[in-house]
């Protein structure tokens, strides 16, 4: 059965493959992977490019660049193989890498369907449909160490799944310019807590969606 190839911008490719954006551009510049014109996205990558990205950096500490290129040649010659022998001591689980990429790619597509940006709503910030919850705010809270349970306590309209989707969507669509304050997003500070961090005590603000 034929599979559908999807198109990813470099930032989307970084989010799905869990490779730094800088590394993605480096791989493109060094022609480790090629870019294509797909679906009107301009400079874009496809699913096979993402697999190469994940494997190139995944085995980078083990295999030389030359051996990694030979690994790609072997995969190209055996596209249906679940595992590929990279050398006498290393067998690469290609099927597992494909599964991980497919799951994250589907999560990103699901997030795209659930997130919208409306002029005049929360300052035009992307929110989950039917809510006033800014997606990037949720992703930032996770990055700063908040647990999913803590986020759900403050934003009961969300679920564990939507919190996870916020992370991958925000990674694929990084905000430009300086971070916007809560007041600029149409939110109000409803409480201030002090959390102990390695470098001392800092205040934590939570936004109200009312």
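The values are calculated or read from the model by the stated rules, or taken from the named source; none is laboratory data. Quick caveat: nothing in here was measured; it's all calculated off a predicted structure. No Cβ is skipped: glycine too gets one built from the backbone with ideal geometry, and neighbour counts run over all protein chains shown.
Return the total of residues in the range 66-90 being out of contact with any strand residue (DSSP E or B) (no Cβ under 8 Å at 6 or more places or on another chain), part of a loop (DSSP other than H, G, I, E, B) and either more than 18 Å from residue 50 (Cβ to Cβ) or not assigned by TED's automatic domain parsing to the domain that holds residue 32 (or both). So the answer is 4. Number of residues in the range 52-65 that are more than 20 Å from residue 16 (Cβ to Cβ) and part of a helix (DSSP H, G or I) equals 1. Among the residues of the range 81-95, some residue qualifies, meaning at least one is in contact (Cβ under 8 Å) with a residue 40 or more places away in the chain, touching a helix residue (DSSP H, G or I) at 6+ places or on another chain (Cβ under 8 Å) and within 30 Å of residue 173 (Cα to Cα).
Within the range 180-188, is even one residue in contact with a strand residue (DSSP E or B) (Cβ under 6 Å, 6 or more places away or on another chain), in a helix (DSSP H, G or I), at pLDDT below 80 and not assigned by TED's automatic domain parsing to the domain that holds residue 54? Scanning the range 180-188 turns up at least one residue that is in contact with a strand residue (DSSP E or B) (Cβ under 6 Å, 6 or more places away or on another chain), in a helix (DSSP H, G or I), at pLDDT below 80 and not assigned by TED's automatic domain parsing to the domain that holds residue 54.
Per-residue answers, yes or no, for (1) at pLDDT 90 or above; (2) buried (at least 18 other Cβ atoms within 10 Å of the Cβ):
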{"site": "16", "(1), (2)": "yes, yes"}
{"site": "24", "(1), (2)": "yes, yes"}
{"site": "37", "(1), (2)": "no, no"}
{"site": "44", "(1), (2)": "no, yes"}
{"site": "50", "(1), (2)": "yes, yes"}
{"site": "53", "(1), (2)": "yes, yes"}
{"site": "73", "(1), (2)": "yes, no"}
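For the range 117-134, the criterion of being outside any helix (DSSP H, G or I) and closer than 24 Å to residue 32 by Cβ is satisfied by no residue at all. Within the range 91-110, the set of residues being within 17 Å of residue 53 (Cβ to Cβ) and part of a strand (DSSP E or B) comprises 92, 93. More than 20 Å from residue 104 (Cα to Cα) and assigned to a helix (DSSP H, G or I): is that true of residue 139 in this structure? Here the answer is no, as residue 139 does not meet what is asked.
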